[in-house]
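Worksheet for the structure shown next.
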Amino acid sequence: MIKRPIERPAVPKREPMESDWRKEAEEAHRDKSAGKRFKLVEGENLLRLLPRKKIAASTSSAPFYRFMQHQNVGKDGAGFAICGKNVKGEGKCWLCDVQIQKLSKSTDPRQRARAEKMAAKEQFAMQVAFMDTTVNKLRGPVVWFVPSSGRTSVAVTLLAYLKNPKVELVHPQRGRCISISRTGTGQKDTRYGPYVIDQDVTPISDAMLSRIKPFEELVDQYSEAHQQSVYFGREEEEPEPAPEETEPEPGEEYEPDEEPEPDEEPEPDEEPEPDEEPEPDEEPEPPPPPTKKLGKIPIKPGGKKPRPSADSGDEEVPF
């Protein structure tokens, strides 16, 4: 009997799709891990400044956003809150108009120093795309809170470029990238510069332009309720601090806590008076001498034990 070979169906070849979606996953991971905010890192940073998205005809078309912010807010001095006034001092603000005014008038220098630290400071924000050197591609848009303290800050330097009509850094098609170097990472050793403008134009894609958001959606807006929450610490319930660490009520002068009055010292328990010692039985009288008769000799009862003095107990020391 002749055995015939078993015919097996041909296995279809796999299409090379797995590598495609893995590349897509890698791309999505890069976008997500980039975060929503940009910060200059140590070394060279290549940026593309983006135009502003307006929400109304009256909104400024400037590619930057200036606002006022309170820092060092709250009991621990670590809170932030948007100021209700603009950079010209126009508007209403609960911290400026109420709390800081009260603290500034205090006779306690610590309260006045606290008011000074909480004074609103100008902030400067832009939307940018940054160069991802691993794939040589621009990523964004992300919001960038530009360092703006001092006359030689990054914000001042960028404004000098932006006001120059011969330098185009923002236009979607004619804009150019700018390189900013950073050295140091601490508050005292960080330096920015030099600033180098790219010679070639870097157009922005329509997809990236469509993702630009109004600054009003990226920067918190003024809220009196939020300021009060940050100031009084209502956002998180914290354990009661020790008496020596408590701060004075907002707007009131500081007075040291009064030492608690010591509890009255309890009187020591009186020891029971000892029972009087029974009089010993009278000894039998010796036989009287024949010539003299003696009377009974009185025996004095034993004395009482002295009661303990109130000063003998342990005295409580008030803390």
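What follows draws every value from the coordinates through simple rules; no lab data is involved. Predicted model only: the values in this text are computed from it and were never measured. FYI the Cβ positions are ideal-geometry reconstructions off the backbone, even for glycines, and counts take in every protein chain you see.
Does segment 111-168 come out rounded, prolate or oblate, given a ≥ b ≥ c as the square roots of the eigenvalues of its C-alpha gyration tensor, rounded meaning a/c under 1.5 and, failing that, prolate meaning a/b above b/c? Taking the square roots of the gyration eigenvalues as a ≥ b ≥ c, segment 111-168 is oblate.
Shown for Arg151, Arg234: other C-beta atoms within 10 Å of each C-beta, ranked fewest to most, produce the order Arg151, Arg234.
Taking a sphere under 9 Å around the Cβ of Thr202 and counting the other residues whose Cβ falls inside, with K and R at +1 and D and E at -1, yields a net charge of 0.
Ranked by how many other Cβ atoms sit within 10 Å of their own Cβ, fewest first, the residues His226, His70, His171 fall in the order His171, His226, His70.
What net charge is computed for the residues neighbouring Gly140, neighbours being all others with C-beta under 9 Å from the C-beta of Gly140, Lys and Arg scored +1, Asp and Glu -1? Result for the neighbourhood of Gly140: +3.
Karplus-derived 3J(HN,Hα) values for segment 175-191, using 6.51 cos²θ - 1.76 cosθ + 1.60 with θ = phi - 60°, are x, 10, 7, 10, 9, 10, 9, 10, 10, x, 10, x, 5, 9, 10, 7, 10 Hz; glycine and proline are entered as x. Exposure proxy shown here: for Arg114, Arg211, the number of other Cβ atoms within 10 Å sets the order, fewest to most, as Arg211, Arg114.
Which entries of Lys23/Lys137; Lys53/Lys166; Lys121/Lys188; Lys36/Lys188; Lys85/Lys166; Lys39/Lys213 show an alpha-carbon separation above 25 angstrom in the structure shown? Where the Cα-Cα span goes over 25 Å, the pairs concerned are Lys36/Lys188; Lys85/Lys166. On a per residue basis, the convex hull of the C-alpha atoms belonging to segment 122-237 measures out at 185 Å³.
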